[in-house]
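In what follows, a single structure is set out as C-alpha cells and then discussed.
The values are calculated or read from the model by the stated rules, or taken from the named source; none is laboratory data. Not measured: the values here are computed from a predicted model. When we count neighbours, we look across all protein chains shown, and the Cβ atoms used for this are built from the backbone with ideal geometry, even at glycine.
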C-alpha cells in the first residue's frame with residue numbers, strides 16, 4: 001500500500017524533528033549514562049502537544065490522527081528511545097484506555113491533565129507470574145461497600161517513578177475463567193496503601209523509569225473502575241493492540257537514528273585511503289539497513305492508517321511490531337559494525353541505540369506473542 | 001495595525017552537500033521556511049501578541065512557495081495569515097524583482113507598521129533584500145536587530161554592533177532585518193500544525209504585483225573566477241608552531257605586513 005502523507009503528517013515530522021533535535025538530543029546520552037528520568041522534558045513535551053496527540057481537543061489534546069502520532073514517536077525515538085517510550089506508554093497505555101473505555105465523567109476528570117502532561121500516566125498489568133500470560137494475574141480487588149480494596153504487586157511498570165495516574169488491572173471475580181474475572185481501575189499515585197518501588201537498572205531505555213507497584217489494602221471507589229466489571233482483560237488486550245504499533249514506531253525511530261549515524265560515519269571515516277562508503281561490504285550493509293527501514297515504515301504506517309480509518313488493525317499492528325523489533329536490533333547491530341571499535345564506546349550514539357532497541361522485541365508483547373496472535377488469526 | 005514578516009520557502013541548508021569543488025548542492029535539500037526568516041516570524045509573533053496586531057506572512061517565489069504544505073509550514077510557526085505569489089517566472093527572480101513583489105504586497109495590505117525579515121538568506125546570502133524592500137517602500141531599514149519593542153509612534157530596536165549595543169528609535173513604518181541569533185525559533189507544536197490549515201491564505205498572480213515584477217529580468221549565476229586556492233594545510237600539533245607557520249605563510253603571500261607582533 002503506497003502512502004502519500006498529508007501536509008499535516010509531513011509537518012508533524014518536521015516539527016517533531018526540530019523539537020527533538022533542540023530539546024531531547026542534547027540530553028539523550030547523559031540520561032542514559034546516569035539512568036536518569038528526564039523529568040524536565042515532561043512540561044516541554046506537554047507544551048508541544050506531544051503528550052496528548054490522539055486525545056480530542058475537547059479534552060485538551062491536539063486531536064492529531066494516529067499516523068501523525070506514530071510519526072512523532074518515530075522522530076523522538078530517532079534521537080532518544082527513552083523519550084519515545086515515555087510518550088508511547090503515557091499515551092497508548094494510560095490515556096488511550098481512558099479515552100476508549102472511560103465514562104464521560106472519567107474522561108473529563110483525567111484526560112485534560114494527561115493530554116497536557118500536567119500528570120503522566122502509566123499502565124499496570126504485568127506481574128511476577130503474569131508476563132505474556134497476562135490473564136494469570138494475582139492482584140485482587142474485593143468489593144467493600146462503594147469501594148474496591150486492592151492487594152497485590154505489579155512489576156516493570158513504565159513511568160512508575162513519575163506517573164500520577166495509573167490504569168491497573170486486578171482480579172475481581174475468582175470464580176470465572178481467568179480472563180473473564182479481571183477488571184481495570186484508574187488509581188491516583190497518592191492513594192493510601194499504594195507504593196511505588198525503586199527504579200530497575202536496565203540494559204537500555206535507561207532514562208525511562210521502570211518500577212514495581214505495591215498495593216496493600218488500596219481503597220478505590222467504584223467510580224474509578226474503567227469499563228465494566230470483568231471487562232479488564234478486553235481493555236488490556238485492546239490497549240496493547242494499539243500499543244504494538246507505538247512500540248513498532250519506537251523501534252523504527254531507533255533504527256533510523258542508528259542508520260543515519262552509520263551512514264554519516266561511513267562517509268567521513270577513511271580507511272585504506274578512501275571513505276568506508278567506497279567498500280562494497282559497507283555498501284551492502286547500508287543497502288540492507290535502508291531496505292529494512294523502508295519495509296518497517298510501511299508496516300507501521302499501514303497499521304496506523306487502518307486505525308485512523310476505523311478498520312481492523314490488531315493483526316497489522318502485531319506484524320509491524322514483530323518486524324520492527326528484530327529489525328531495530330539488526331540495524332543497530334550493523335550500525336555498530338560499520339563504526340568498528342568506535343561503535344562499541346559511549347562516545348558514539350549507536351551503542352546506546354543498540355541497547356535501547358532490544359526491549360522493543362520484548363515489551364508490550366514479545367516476538368513470540370506477536371507470532372501467536374498472527375498465527376491464531378490465520379488458523380481460525 | 002499589521003505586522004508583516006517577509007519569508008522565503010528555501011532549501012534546508014542542513015540537507016545541502018558541498019562538493020569537492022566547493023560548490024554547494026541544494027538539489028537534494030527539501031524546502032523549509034528559511035531558518036533566518038523563522039527567527040523573524042518568532043519575533044513577529046511576540047510583537048503581534050504584545051500589541052494585539054495581526055501577523056501577516058508574505059512570500060514571493062517559485063511554484064513550491066504557494067503549495068499548501070509551504071503555506072501551512074509558515075502558518076504553523078505563528079503567522080495569522082499569509083499572502084503568497086508563486087509562479088515559475090518568479091523562481092529565479094533575483095533580489096530586486098522579489099523585493100518589488102514584496103513591496104507591492106505590503107502596499108496592498110495597507111496599515112502596516114513593521115516589516116520583519118531575516119537578515120540573511122539561504123541562497124546568495126547577499127543581505128540585500130531588507131534595504132531594497134525598504135528603498136522601494138520609502139521606509140527606513142535597520143539591520144542586525146536583536147530586540148524590538150513597539151512604541152506609541154514607531155519602534156525601538158537594539159542592534160548588536162562590533163562597538164556594542166546600539167539603541168535606535170524610529171517613528172513611522174520601518175523594515176527590520178533580524179539577526180539570526182535574535183531568538184531561538186520554537187518548533188511548531190502539534191496544535192499549531194493542525195491549526196495552520198484553517199488560517200487564511202491569499203494567493204496573488206504575478207500580474208497583481210505590478211508591471212515591474214511581471215516584466216522583470218531573470219538573474220542567473222556564474223561560477224566565481226579568481227585565483228586558485230593554494231591548498232596549504234598546516235598540520236602541526238603544537239599550537240605555537242602552527243601559529244608561527246600560519247603567520248609566515250600569510251606574510252609570504254603578502255596578506256599581512258612583515259612587521260608588528262610576534263608570531
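List of remarks:
For every residue, the table says whether it meets (1) away from chain A (no Cβ under 14 Å); (2) crowded, with 20+ Cβ neighbours inside 10 Å; (3) more than 22 Å from the chain's Cα centre (by Cα); (4) assigned to a loop (DSSP other than H, G, I, E, B).
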| residue | (1), (2), (3), (4) |
| --- | --- |
| B:159 | yes, no, no, no |
| B:165 | yes, no, no, no |
| B:170 | yes, no, no, no |
| B:182 | yes, yes, no, yes |
| B:195 | no, no, yes, no |
| B:198 | no, no, yes, yes |
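- Screening residue A:88 against (1) within 19 Å of residue A:299 (Cβ to Cβ); (2) within 14 Å of chain B (Cβ to nearest Cβ); (3) touching a helix residue (DSSP H, G or I) at 6+ places or on another chain (Cβ under 7 Å) leaves a single unmet condition, (2).
- Test: residue in segment B:140-152 that is assigned by TED's automatic domain parsing to the domain that holds residue B:60, in a strand (DSSP E or B), within 23 Å of residue B:31 (Cβ to Cβ) and within 12 Å of the chain's Cα centre (by Cα): no
- Evaluated against (1) within 19 Å of the chain's Cα centre (by Cα); (2) not in a helix (DSSP H, G or I), residue A:235 falls short on exactly one condition, (2).
- Flag if residue B:203 is closer than 26 Å to residue B:73 by Cβ, in contact (Cβ under 8 Å) with a residue 24 or more places away in the chain, over 18 Å from the mean Cα position of the chain (by Cα) and assigned to a loop (DSSP other than H, G, I, E, B): no
- Of all residues in segment B:122-138, exactly one satisfies the criterion of being over 10 Å from residue B:175 (Cβ atoms) and crowded, with 20+ Cβ neighbours inside 10 Å, namely B:122.
- So residue A:184, is it within 21 Å of the chain's Cα centre (by Cα) and touching a residue at least 12 places away in the same chain (Cβ under 8 Å): yes
- Pick from segment B:54-70, criterion farther than 19 Å from residue B:39 by Cβ and within 14 Å of chain A (Cβ to nearest Cβ), ranking: surrounded by the most Cβ atoms within 10 Å (Cβ to Cβ): B:66
- From the list A:67, A:5, A:51, A:25, the lone residue that is over 19 Å from the mean Cα position of the chain (by Cα), more than 9 Å from chain B (Cβ to nearest Cβ), under 26 Å from residue A:297 (Cα atoms) and in contact (Cβ under 8 Å) with a residue 12 or more places away in the chain is A:5.
- Screening the candidates A:17, A:78 for the property of being more than 10 Å from chain B (Cβ to nearest Cβ), in contact with a helix residue (DSSP H, G or I) (Cβ under 7 Å, 6 or more places away or on another chain) and at negative phi yields one hit, A:78.
- Residues located in segment A:273-306, provided they are assigned to a helix (DSSP H, G or I) and loosely packed, with under 15 Cβ neighbours inside 10 Å: A:278, A:280, A:281, A:283, A:284, A:287, A:288, A:290, A:291, A:294, A:295
- The set of residues in segment A:28-43 that are touching a residue at least 24 places away in the same chain (Cβ under 8 Å) and either in a helix (DSSP H, G or I) or within 12 Å of chain B (Cβ to nearest Cβ) (or both) comprises A:28, A:29, A:31, A:32, A:33, A:41, A:42, A:43.
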